[in-house]
Amino acid sequence: MRRYFGRKLLIYVLTFFLAVTIDWLIPRFMPGDPVQTMLSRAALHAEAREVMYGYYVRAFGLDVPLWQQYLNFWNALFHGDLGTSVYLFPQPVVKVIMRAVPYDILLLLPAILLSWFAGNHFGAIAARTRWLDNTLLPVGYILTATPYMWLGILLAWVFGIVLGIFPIAGAYSFELRPHLSGAFLASLLKHWFLPFASIFLVKFGGWAIGMRNMIIYELESDYAHYLEALGTPRKLIRKYAFRNAILPQITGLALDLGVIVAGALVTEVVFSYPGIGYLILQAIQNQDYFLIQGCFLFIIIGVLLANFAIDIAYVIVDPRTRLGMTGEGA
Amino acid sequence: MSLQVEELTVYYQTLKGDVRALEEATFRVADGEIMGLAGESGCGKSTLANSLILLKPPMRLVKGRVTLDGEELPIHDMERMNSYRFERISIIPQYAMNALNPTQKIGKIIADLVRWRQVDFDDILPELKRRLDLVHLSYDVLDMYPIELSGGMKQRVVMVLSTLLNPSLLLADEITSALDVSSQKAVMEMLVSFRGWEFVRSVIVITHDLSILYQVADSILIMYAGQLAEKASTVAIIRAPRHPYTRMLISSLPEVGVKHAERRLTGIPGTPPLLLNPPEGCRFRERCPVAFEKCVDVPPFIQIEPGHFVACWKEFETNARA
């Protein structure tokens with residue numbers, strides 16, 4: 001057991017190092033210069049511009065050779081410093097990200113968990129109910145195959161513009177400041193609903209299809225046939241099948257949860273929802289090295305933690321993994 | 001009394017039409033009899049066994065009735081049949097090594113199965129342990145997952161589990177086909193002991209291996225292409241077979257003491273017919289060396305000597321002349 005987790009941990013540390021290095025490299029490969037972009041917004045005299053440029057380049061630590069920037073980056077990272085945002089200068093990246101994260105969690109955690117729960121149960125029922133399989137499942141296929149931004153825009157258009165029930169932008173009404181009150185919470189909920197529903201719908205279809213296929217596979221397996229030949233009630237056979245079919249779904253769920261901090265880029269862009277996905281888009285458009293790095297760092301950590309959680313969860317729920325650890329390849 | 005099968009006819013429904021896998025099977029298995037059911041692949045052995053316990057689509061019951069201990073089995077009714085399965089008629093499946101749910105402990109699987117039979121697991125536990133002992137398994141297996149056991153151990157668990165409620169008829173479907181020769185013998189002897197210990201009353205052993213049946217079976221039923229060919233005591237089938245197919249089958253077995261480098265093993269020329277549109281009459285007639293014009297009619301399965309049944313026109317003719 002200890003050797004198993006020791007090896008896993010080593011792999012995770014290596015992955016983290018490589019991923020963060022790539023994360024540092026990629027923004028710097030982009031053509032252009034973030035400071036230039038920033039200064040070009042202000043109409044300045046040539047001399048003033050030169051002075052300002054020198055100042056900002058030093059402030060962001062971009063005046064030293066690349067290898068030194070890289071070392072400085074790791075050094076700062078271990079001190080919990082992700083640098084200063086270029087686009088939202090002079091706010092620290094950590095603060096910018098922390099402001100966006102609650103919206104992601106609020107939006108994605110319920111969407112992912114509820115769609116997982118509902119999709120799995122619906123898929124399991126559809127697997128053994130012919131009319132449901134023939135009517136509602138194709139809808140699931142269509143939902144999953146729909147280009148997401150199109151569905152998002154459609155929802156925004158129908159419910160936001162045509163029917164005018166839901167607002168189409170922001171996380172709360174522009175007239176309000178975030179505070180604890182009924183009016184603010186109501187506004188928050190109203191703005192939350194459409195992005196939530198669009199993610200829920202698409203994910204629900206995906207989970208339901210996966211579960212349906214897994215259940216059919218399990219019900220056709222040898223152990224199910226044996227139980228049937230022994231006259232076991234359907235209820236028990238389905239219980240066994242469901243338990244086995246849910247295993248791959250758990251992996252999927254954990255991977256989904258891992259990217260929560262990444263936000264749902266397209267959803268957040270469509271509905272102008274101020275989560276990390278929206279932030280990433282802004283950061284890329286403004287060549288904000290530090291904000292891009294910061295956002296992706298969160299994603300890397302999230303994915304790695306989720307994978308580690310799956311490794312642990314599998315040891316608990318699937319005896320085959322647990323017992324396999326004592327054998328070769330452990 | 002035991003098992004009485006009358007005119008059992010089962011087809012498989014396919015898009016191209018019915019596959020006529022079992023035609024007019026009529027035979028009986030006496031109390032305490034171990035009957036071997038033999039024939040080549042696709043001859044309908046497993047169809048016969050499955051239709052006795054789990055007849056479900058694409059299988060379709062065309063006609064026939066099955067009586068077990070004087071009571072007619074509702075084989076066409078999946079739900080009503082449930083109360084007979086496991087308690088009165090049970091099966092050791094062909095895939096015994098994969099027959100247990102991989103994510104549940106064996107003890108839990110057994111407990112779940114008996115609970116539906118109004119049997120308390122704790123009540124049956126001493127008997128279960130005794131039986132595990134008899135098949136040389138430790139009680140620890142109850143606390144293990146199926147993957148922790150070897151293939152042979154899993155098969156023995158399934159043998160104990162399938163017979164736990166002392167069914168009157170046990171179907172053993174190709175239980176030796178995945179085993180080496182010495183394990184085959186051990187498993188077969190265990191099956192005979194099961195009858196001795198009265199865990200089961202009668203057994204139908206389905207196999208394509210006649211030499212195994214010779215060791216354990218009281219009688220052998222030979223099938224060809226969905227039709228019954230011959231049923232007789234094991235000795236009669238091996239020493240004095242009457243159906244031409246049985247004769248050719250027996251003669252294509254290797255014999256001890258014969259060097260097959262000098263005398264080539266003879267097979268049966270030709271291949272069995274497809275059962276989607278099988279030929280009329282005796283389905284063996286195209287490969288049969290003694291076939292004649294009468295063979296275009298289906299020969300009845302008739303007793304020609306006490307306990308010796310055969311379906312062959314030529315045989316009836318020779319018998320009548322003698």
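The values are calculated or read from the model by the stated rules, or taken from the named source; none is laboratory data. In this text the structure is predicted, and so the values were computed from the model without any measurement. Using ideal geometry, Cβ is built from the backbone for each residue, glycine included, and neighbour counts are taken over all protein chains shown. Only protein heavy atoms, including side chains, enter the accessible area calculation; ligands, DNA and RNA are left aside. Shrake-Rupley method; radii C 1.70, N 1.55, O 1.52, S 1.80 Å.
The table below gives the values:
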| quantity | calculated |
| --- | --- |
| Solvent-accessible area buried by B and A, counting both chains, probe 1.4 angstrom, square angstrom | 2400 |
| Considering only chain B, percent of DSSP beta bridges that pair antiparallel, nearest 5 | 60 |
| Unit charges on C-beta of K, R, D, E only; dipole of the protein assembly as shown, Debye | 380 |
| Residue (of A:VAL317, B:GLY307, A:TYR87) at the positive-pole extreme of the protein assembly as shown, dipole from beta-carbon charges | A:TYR87 |
| Calculated [θ] (222 nm, deg cm²/dmol) that DSSP helices of n ≥ 4 give over the protein assembly as shown, each run adding -39,500 (n - 2.57) | -16500 deg cm²/dmol |
| Point-to-point label distance, A:ASP133-B:SER138, nm (Cα→Cβ direction, 7 Å offset) | 4.4 |
| Accessible area per residue, Å², the protein assembly as shown with all protein chains present, probe 1.4 Å | 49 |
| Rounded to the nearest 20 debye, dipole of region A:217-330 from Cβ charges on Lys, Arg, Asp, Glu | 440 |
| Shielded by partner chains, region B:40-87 residues - at least 20 Å² of accessible area, 1.4 Å probe, vs chain alone | B:LEU54, B:LYS56, B:MET78, B:GLU79, B:ASN82, B:ARG85, B:PHE86 |
| Estimated FRET transfer efficiency when R0 is 51 angstrom, pair A:PHE16-A:PHE193 (beta carbons, to 0.05) | 0.90 |
| With Cα atoms, 0 to 90° folded angle of helix A:66-78 axis to chain A main axis | 60 |
| Percent carbon-and-sulfur accessible area, the protein assembly as shown, ignoring ligands, DNA and RNA, probe 1.4 Å | 62 |
| Drop in accessible area of at least 50 Å² in the complex versus isolated chain, residues of region A:194-232, 1.4 Å probe | A:ASP222, A:TYR223, A:TYR226, A:GLU228, A:ALA229, A:LEU230, A:GLY231 |
| Convex hull volume per residue in cubic angstrom - Cα atoms of the protein assembly as shown | 254 |
| Peptide ranges B:135-143, A:106-114, A:161-169 listed from the most packed, as the mean C-beta count within 10 angstrom indicates | A:106-114, B:135-143, A:161-169 |
| Within region A:93-324: Cβ-based charge dipole about Cα centre, in debye rounded to nearest 20 (Lys, Arg +1; Asp, Glu -1) | 480 |
| Top positive-direction residue, dipole computed over region A:93-324 with Cβ charges, set A:HIS191, A:TYR148, A:VAL101 | A:HIS191 |
| Other protein chain Cβ atoms within 10 Å, averaged over every residue that makes up B:93-104 | 6 |
| Excluding exposed DSSP-loop GluC sites (Glu not before Pro) (at most 14 other C-beta within 10 Å), longest clean stretch of chain A | A:1-174 |
| Segment B:LYS56-B:SER251, length gained on full extension (0.36 nm per residue, minus Cα span) | 66.5 nm |
| Sequence ranges A:69-79, B:199-209, ranked by mean other-Cβ count within 10 angstrom, highest first | B:199-209, A:69-79 |
| Under 14 Å, Cβ to Cβ, from B:PRO102 - net charge with Lys/Arg +1 and Asp/Glu -1 | +2 |
| Delta accessible area of at least 30 Å² on complex formation, residues of region B:139-154, 1.4 Å probe, chain isolated as reference | B:TYR145, B:ILE147 |
| On Cα atoms only, tilt of A:182-219 relative to the major axis of chain A in degrees | 40 |
